[in-house]
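The block underneath contains the structure these notes are about, expressed in structure tokens.
All of the numbers you see were taken from the coordinates with simple rules; none came from a lab. Everything numeric in this text was worked out from a predicted model, so none of it was measured.
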Amino acid sequence: MKQLVDHVYFSPDGQWVASASFDRSVKLWNGIIGKFVAAFSGHVRPVYQISWSADSRLLLSGSKDYPEDLGYWHEKLKQDLPGHADEVFAVDWNPDGENVASGGKDKVLKLWMG
């Protein structure tokens, strides 16, 4: 890593581990043998937190990129979720895999309905 790593998270199935970093990246490793797999680019500012979908197929990231603070990943950036007025520090998936919640410096909790 080139800069501070502020969040790491194993996928629910244990196959992957992902990291969020101030180097603006989301990185992915094999969760069993620890081998680096990929770096996802798309954020232009630090990434603060990540969250896996319940089926371990999708990854969500929160960053300082407002207004496009949230990134929705599957092999590459699939979609930005704009809407916060400032940095996003917290993200999570609903266990049903359809909905996402985010919160940030703008003191707002947003629910993203799938």
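For the reader, a short list of remarks on this structure follows.
- Extended-chain gain in nm, criterion 0.36 nm per residue less alpha-carbon gap, A90 and V8: 28.2 nm
- With Cα atoms defining each centre, segment 1-53 and segment 94-109 are spaced 19 Å apart in the structure.
- Unsatisfied cross-links (Cα-Cα over 25 Å) in the set K2/K107; K27/K64; K2/K64; K64/K110; K35/K110: K2/K107; K35/K110
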